[in-house]
Amino acid sequence: MSRCFIDHLLVTAPSLEIGAAFVKDVLGVAPQTGGEHLRMGTHNRLLRLGDALYLEVISLNAAVPAPSRPRWFGLDALGPSSLPALSGWVARTTHIQGALSDATESLGEIEGMNRGALDWLITIPCDGSLPLEGAGPALIEWQTEPHPASKLEDRGLSLARLELLHPDPERVSRLLFSLQIAGPVTVSPLPTGSTPLLIAHINTPQGLRLLSALQS
């Protein structure tokens, strides 16, 4: 059985500016410049949460051609008026094929990706959706060292807990157990029919802050 670790959290937004402003408003720290994912037509900004853990703000990149396939992390569903949100997360493994085989849920197909000097394998559903509407992780296996978080500025932030709220918590718990997830992640129930929700409890120099979704 392949052990997996929380690798990074995903904040999706209609633009990097909107997503970065949301993160700064909640955490008091602005994400730093990241780069482009040309295959997916997306780009990002990043915020370190540990030596091998970070927060990623990701959005469509209007400056590059749209891909011929659905983008990852449900980004094609976002419109100009969509609100930024903590929408998903990614779990790291050293054996992605084994972890994918162990998973009790469909997490997608393994694809090779890159950004600048970084190369990695990642699971992406063919329709670009988020597993279990964000409660389930994408799997990643980095092909380059050191971990990209180690190169980000240390702004005094760390993840205290990732809380996954879902109307079928047992289903989420089974998935996490099958992946042997290591890290501060908990599962909480929601009423039947509710939309899953992610809440990141993050230690900041100003105290504990909760990052989730911007409410309209």
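The values are calculated or read from the model by the stated rules, or taken from the named source; none is laboratory data. Only a predicted model underlies this, so the values are computations on that prediction, with no experimental measurement involved. Methodologically, a virtual Cβ is constructed for each residue, glycine included, from the backbone with ideal geometry; neighbour enumeration extends over all protein chains shown.
What is the one condition in (1) touching a helix residue (DSSP H, G or I) at 6+ places or on another chain (Cβ under 8 Å); (2) within 24 Å of Ser150 (Cβ to Cβ); (3) of a type in the set (D, E, K, R) that Asp7 does not satisfy?
Among (1) touching a helix residue (DSSP H, G or I) at 6+ places or on another chain (Cβ under 8 Å); (2) within 24 Å of Ser150 (Cβ to Cβ); (3) of a type in the set (D, E, K, R), Asp7 violates only (1).
If Asp119 passes every condition in (1) without any contact (Cβ under 8 Å) to a residue 60 or more places away in the chain; (2) crowded, with 17+ Cβ neighbours inside 10 Å; (3) in a strand (DSSP E or B); (4) not polar (S, T, N, Q) but one, which one does it miss?
Going through the list (1) without any contact (Cβ under 8 Å) to a residue 60 or more places away in the chain; (2) crowded, with 17+ Cβ neighbours inside 10 Å; (3) in a strand (DSSP E or B); (4) not polar (S, T, N, Q), Asp119 breaks only (2).
If you check Ser173, Ser178, Ser188, Ser129, which single one turns out to be out of contact with any His (no Cβ under 7 Å at 6 or more places or on another chain), among the small types (Gly, Ala, Ser) and assigned to a strand (DSSP E or B)? Spell out how you get there, then give the answer.
Details: Ser173 fails: assigned to a strand (DSSP E or B); Ser178 fails: assigned to a strand (DSSP E or B); Ser129 fails: assigned to a strand (DSSP E or B).
None of the others qualify; the one that does is Ser188.
Can you tell me which of Thr33, Thr42, Thr93 is without any contact (Cβ under 8 Å) to a residue 40 or more places away in the chain, among the polar types (S, T, N, Q) and surrounded by 15 or more Cβ atoms within 10 Å (Cβ to Cβ)? So that I can check it myself, show each step before the final result.
Working: Thr33 fails: surrounded by 15 or more Cβ atoms within 10 Å (Cβ to Cβ); Thr93 fails: without any contact (Cβ under 8 Å) to a residue 40 or more places away in the chain.
When all the criteria are applied, what remains is Thr42.
One residue is enough: does the range 28-49 have a residue meeting the conditions within 14 Å of the chain's Cα centre (by Cα) and within 21 Å of Leu165 (Cβ to Cβ)?
Yes, the range 28-49 contains at least one residue that is within 14 Å of the chain's Cα centre (by Cα) and within 21 Å of Leu165 (Cβ to Cβ).
Is it fair to say Arg69 is at pLDDT below 95, out of contact with any strand residue (DSSP E or B) (no Cβ under 7 Å at 6 or more places or on another chain), among the basic types (Lys, Arg) and surrounded by fewer than 23 Cβ atoms within 10 Å (Cβ to Cβ)? Break it down into steps so the answer makes sense when it comes.
On the way: at pLDDT below 95: yes; out of contact with any strand residue (DSSP E or B) (no Cβ under 7 Å at 6 or more places or on another chain): yes; among the basic types (Lys, Arg): yes; surrounded by fewer than 23 Cβ atoms within 10 Å (Cβ to Cβ): yes.
When the stated conditions are applied, Arg69 passes them.
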